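Asker: Have a look at the structure that comes next, please.
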Amino acid sequence: QSALTQPASVSGSPGQSITISCTGSSSDVGTYNLVSWYQQHPGKAPKLMIYEVSKRPSGLSNHFSGSKSGNTASLTISGLQAEDEADYYCCSYAGNNANWVFGGGTKLTVL
Amino acid sequence: QITLTESGPTLVKPTQTLTLTCTFSGFSLSTGGVGVGWIRQPPGKVLEWLALIYWDDDKRYSPSLKSRLTITKDTSKNQVVLTMTNVDPVDTATYYCGHSTTNYAFDIWGQGTMVTVSS
């Protein structure tokens, strides 16, 4: 069982927007603004999409955005594209004991 | 351009010690704020953070695996080594190393190396 809870799957049509939630606790997401999101296509290494809750790495499309409220972080993908179909993982820093914890992953299907 | 490459055995027997090497370029592990971490992913399963070492030799471990892991760095060779003792078939996974900085994210990942634990 992962420390962070994500929906197993989400889906949307091209052009639509979807949001993936990531629920943790006061020990991780709720305390630290150090949530990151990763995209993973089959057979590939994860790719950083969002860091520090809402920041995008340089060069990354702005149709990915992140936010946080309380113990829950969210990744929103607007204007869905076929190439967005992938698994998405959230990750949070959790202090000096647990350090980094990942979510269980969400499979995004673009219909 | 930052790159990381994992290397190690593809097959390990149960109870043996697994040694993985992450060889990197494009940054120095003696630069303040820089770290290299290890994350694994069993086939068809989710990501699990294992360990991370910082530029100042600060080492962090997953609480559930701490007793079995050791992470070290060789700054002159641009390498980070992870050893895992007493491996079990449940340790079968793709092992990734990743570059991290003060944003506590893994911004660049290696391509991963698949390790199978089987007799």
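Asker: In region A:79-106, which residue that is surrounded by fewer than 16 Cβ atoms within 10 Å (Cβ to Cβ) and in contact with a strand residue (DSSP E or B) (Cβ under 9 Å, 6 or more places away or on another chain) is nearest to the other protein chains (Cβ to nearest Cβ)?
Answerer: That would be A:N96.
Asker: Out of B:A51, B:A105, report the one residue that is buried (at least 16 other Cβ atoms within 10 Å of the Cβ), touching a helix residue (DSSP H, G or I) at 6+ places or on another chain (Cβ under 9 Å) and not basic (K, R).
Answerer: B:A51
Asker: Of the residues A:S36, A:S25, A:S58, A:S65, which single one is out of contact with any Gly (no Cβ under 7 Å at 6 or more places or on another chain), polar (S, T, N, Q) and farther than 27 Å from B:I53 by Cβ?
Answerer: The unique qualifying residue is A:S65.
Asker: Now for a separate question. For region A:56-74, give me the residue count where each residue is within 17 Å of A:C22 (Cα to Cα) and surrounded by 14 or more Cβ atoms within 10 Å (Cβ to Cβ).
Answerer: Within region A:56-74, residues that are within 17 Å of A:C22 (Cα to Cα) and surrounded by 14 or more Cβ atoms within 10 Å (Cβ to Cβ) number 9.
Asker: To continue, here is another question. Restrict the check to region A:42-53 and report whether at least one residue is away from chain B (no Cβ under 14 Å), surrounded by fewer than 17 Cβ atoms within 10 Å (Cβ to Cβ) and assigned to a loop (DSSP other than H, G, I, E, B).
Answerer: Among the residues of region A:42-53, not one is away from chain B (no Cβ under 14 Å), surrounded by fewer than 17 Cβ atoms within 10 Å (Cβ to Cβ) and assigned to a loop (DSSP other than H, G, I, E, B), which makes the answer no.
Asker: Just name the residue that is nearest to the chain's Cα centre (by Cα) out of those in region A:75-107 that are charged (D, E, K, R) and within 15 Å of A:C22 (Cβ to Cβ).
Answerer: Looking at residues that are charged (D, E, K, R) and within 15 Å of A:C22 (Cβ to Cβ), I get A:D87.
Asker: I need the strands (runs of 3 or more DSSP E) fully contained in region B:10-119, keeping only those with at least 3 residues that are within 14 Å of chain A (Cβ to nearest Cβ).
Answerer: Filter on region B:10-119 gives B:35-41, B:48-54, B:59-61, B:93-100, B:106-109.
Asker: Here's a follow-up. Return the only residue of B:T72, B:T94 being of a type in the set (S, T, N, Q) and within 19 Å of A:C91 (Cβ to Cβ).
Answerer: The match here is B:T94.
Asker: I would also like to ask the following. Condition first: in a loop (DSSP other than H, G, I, E, B) and within 14 Å of chain B (Cβ to nearest Cβ). Now tell me which residues in region A:54-78 satisfy that.
Answerer: A:S54, A:R56, A:P57, A:S58, A:G59, A:L60
Any read-out appearing in this document is the output of simple, stated calculations on the displayed coordinates, not a laboratory observation. Keep in mind that what you see is a predicted model, and the values were worked out from it rather than measured. With ideal geometry, Cβ positions are generated from the backbone for all residues, glycine too; neighbour counts draw on all protein chains shown.
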